[in-house]
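Novice: Dropping the structure in here first, questions after.
No lab work stands behind these numbers, since they all come straight from the coordinates. All values reported here derive from a predicted model rather than from experimental measurement. Positions of Cβ are generated from backbone atoms using ideal geometry, with glycine treated the same way; all protein chains shown enter the neighbour counts.
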Amino acid sequence: MPKWKGLSNRRACLRKAPAGHSLIGLCVFYCGTAYRGLQIQTHAPTHHTVEGVLIQALRDIGVVESLENGRIGGSAHHLARSCRTDRGVHAVRNVVSLFVRNEKIEAVGGCENITDLMNASLPNTVRVARVTHLMGNFIPRFCCNRRVYRYMIPAYALIPECVSWETFFAQFPRLSEVLQRRACGSPHVDFLAEEGQETDHSLEKLRCAVLRGNELLRSYIVGTHRFHNFSVDLSQRGGYGVNKKAIMPESNAAVRTIIRCEIAPRVLLLPGDVKGPTRADYEEALKTSGTSVAESDTTQSASPGEGQLLNATLLPYFVFQIEGRSFLFNMIRKIVGVLLAVLRGARETLFADVLSPYQRAACPLAPGSHLFLFFSAFERYDRIVRQSSSRRFRSIADEWHGKVAEESLSFVRSSILADIVDLDMNRMPAIGTLLRARDAERNVQRPQWREEDSHLASLKTYGPACEAQHPTCSEMTVFLRSLRVHNWSIEVLNAVPVAERGENREDVSRRKRAISEMDVEEEQV
């Protein structure tokens, strides 16, 4: 019995809020461009992560008492999140929950006032849409039964000959004019055009790519499969051995069910002259710290001619949407990576190879900057709340209906998509430069962060953020160029019994040689 006492305070073991505490949930929106991810990292300054700036705001408005070593002081808060996003990934309607003392909530005027107070303290890249009282047994990660992610695919990524907007519009100079005429003031153009509407060769080429992509996704991705090749590869080492995030083919953790996965059959038109909140906050941080934007050449695009050419142009994007209960680390980005590789000329059977439980492969990883969490659902929890007839708790679906839903769509359009365009146009400084500017700004506006993060000086893994040279091209352009020489490293697993595969040893040897030859062909594409 004594061995269980140490576990009694773990979050998974708690069935109700600690005495004198309430569980609150923050519905958060954020642009992840200038952050090292959502989850707090104790080996980096607190404000380098989204959760970090959230707990700093909670400390500043008096909801939490103290921050120690980059975390909330004490052990009763149990900070948790429903969907953990990686560096550069964005989100709307994500949930961050924690236990807070009742008197602290009452002191600031209740959950309704926490929202306004936090937003006044937060940067423009992070917003709190709603603060909600939750049942004490609510654990965001486990209560979330459905997650919807979207990936913004620039039109040039679907054309094998193109790697940037400049090369795309050089090949299709009339496309922008055709799209604007077809849109008639709307922000999108449907492929299912009415009879009698004009057709354009470039638009037809994009339509065929989308239709083929959806056929591949329905055939290979939708349903229940082993996605072991869509996570961290075994060849990626972590720490002193194999990366702990790597998934073995025989592990049940590799099995995931995809409910829906498709590219929307419409072109989304985004203005090329927008300024996203990350770039705006960066320029404001330079002013606050006493550095003018003109003094830093890192804010200059590496391709000024291209920027001037496309600033007044509507840029066509496609929305890739995937829905499932849960996803592996890097899984969505690798699905997009394999899809783009096939649409740009790689052999279609690669999908079957990377989904085979008998093979190991290195799937290309698409940039995280174009990915965002669009929605998370808590249907089972909502059903329990409604059945309880509680006056204190409301279902999350009811809390997010109406105003929150409208604000999430507005944040996607005005913030997340604007950041993606900035990144695609190569107007965004490097991550080190963005973090360095925020450090300097916090030294002026919130100097207490150094005391709260005093543990960093003793960490061997800590290194202050440093300015970096502006990228020579966008991350998407780098990725598309790398697809031409990507090594899939397809390997038949020797651990699988030959009899199980219905092949003799000669067949296995012949199959290995064939795969090796195909790898060489792919590298030469």
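Novice: Find how much the distance from HIS201 to PHE329 grows on full extension, using 0.36 nm per residue of separation minus their present alpha carbon separation; answer in nm with one decimal.
Specialist: Working: separation 128, 0.36 × 128 = 46.08 nm, distance 3.84 nm.
Here the segment from HIS201 to PHE329 would lengthen by 42.2 nm.
Novice: For GLU65 and GLN321, compute 0.36 nm times the residue count separating them, minus their Cα-Cα distance, and round to one decimal in nm. Show your work: numbers first, answer last.
Specialist: Details: separation 256, 0.36 × 256 = 92.16 nm, distance 4.04 nm.
Separation in residues times 0.36 nm, less the Cα-Cα distance, equals 88.1 nm.
Novice: Fewest to most neighbouring Cβ within 10 Å: what's the order for THR115, THR278, THR433, THR461?
Specialist: Working: THR115 17, THR278 26, THR433 22, THR461 9.
Fewest-to-most Cβ neighbours within 10 Å comes out as THR461, THR115, THR433, THR278.
Novice: Explain nothing, just the number: relative contact order of the range 40-180, from Cα pairs under 8 Å at least 6 residues apart, as a whole percent.
Specialist: Working: 122 pairs, mean separation 26.2, N = 141.
Relative CO of the range 40-180 lands at 19 percent.
Novice: Students often get this wrong, so check it: of LYS16/LYS104; LYS104/LYS403; LYS104/LYS275, which have C-alpha atoms separated by over 29 Å? Please list the in-between numbers first.
Specialist: Details: LYS16/LYS104 19 Å; LYS104/LYS403 26 Å; LYS104/LYS275 38 Å.
Beyond 29 Å: LYS104/LYS275.
Novice: Let me ask something else about it. Give me the number: length gained by fully extending THR42 to ASN102, i.e. 0.36 nm times residue separation minus the C-alpha to C-alpha distance, one decimal in nm. Walk me through the numbers before you get to the answer.
Specialist: Values: separation 60, 0.36 × 60 = 21.60 nm, distance 2.74 nm.
Result for the pair: 18.9 nm of gain on full extension.
Novice: What ranking of TRP400, TRP165 emerges when the number of other C-beta atoms within 10 Å of each C-beta is taken as an exposure proxy, fewest first?
Specialist: TRP400, TRP165
Novice: Between GLN387 and VAL255, what's the calculated FRET efficiency when r is the beta-carbon distance and R0 is 30 Å? Round to 0.05. It would help to have the intermediate numbers written out before the result.
Specialist: Values: r = 31 Å, r/R0 = 1.03.
After rounding to 0.05, the efficiency reads 0.45.
Novice: What's the ranking of 283-289, 100-106, 225-231 by average number of surrounding C-beta atoms within 10 Å, highest first? Display every interim value, and only then the final one.
Specialist: Numbers: 283-289: 17.3, 100-106: 15.7, 225-231: 23.1.
The densest-packed peptide leads the list: 225-231, 283-289, 100-106.
Novice: Run the paramagnetic zone check for ALA264: 7 angstrom along Cα to Cβ, then residues of the range 151-174 with backbone nitrogen under 16 Å.
Specialist: It comes to 151-155, nothing else.
Novice: From Cα pairs below 8 angstrom and at least 6 apart in sequence, can you work out the relative contact order of the range 36-102, rounded to a whole percent? Can you show the working numbers first?
Specialist: Values: 89 pairs, mean separation 21.0, N = 67.
Computed over the range 36-102, the figure is 31 percent.
Novice: Moving on to the next point. Put a dot 7 Å past each Cα toward the Cβ at ASN124 and ALA457; how far apart are the dots in nm?
Specialist: Taking the two extended label points, one gets 3.5 nm.
Novice: As a footprinting exposure proxy, order HIS90, HIS47, HIS370, HIS201 by other Cβ within 10 Å, with the fewest listed first.
Specialist: Numbers: HIS90 31, HIS47 22, HIS370 28, HIS201 10.
Ordered from fewest to most neighbouring Cβ atoms within 10 Å, HIS90, HIS47, HIS370, HIS201 come out as HIS201, HIS47, HIS370, HIS90.
Novice: Can I ask one more? For CYS466 and ASP190, FRET efficiency with R0 = 30 Å and r from the beta-carbon atoms, rounded to 0.05?
Specialist: It comes to 0.05.
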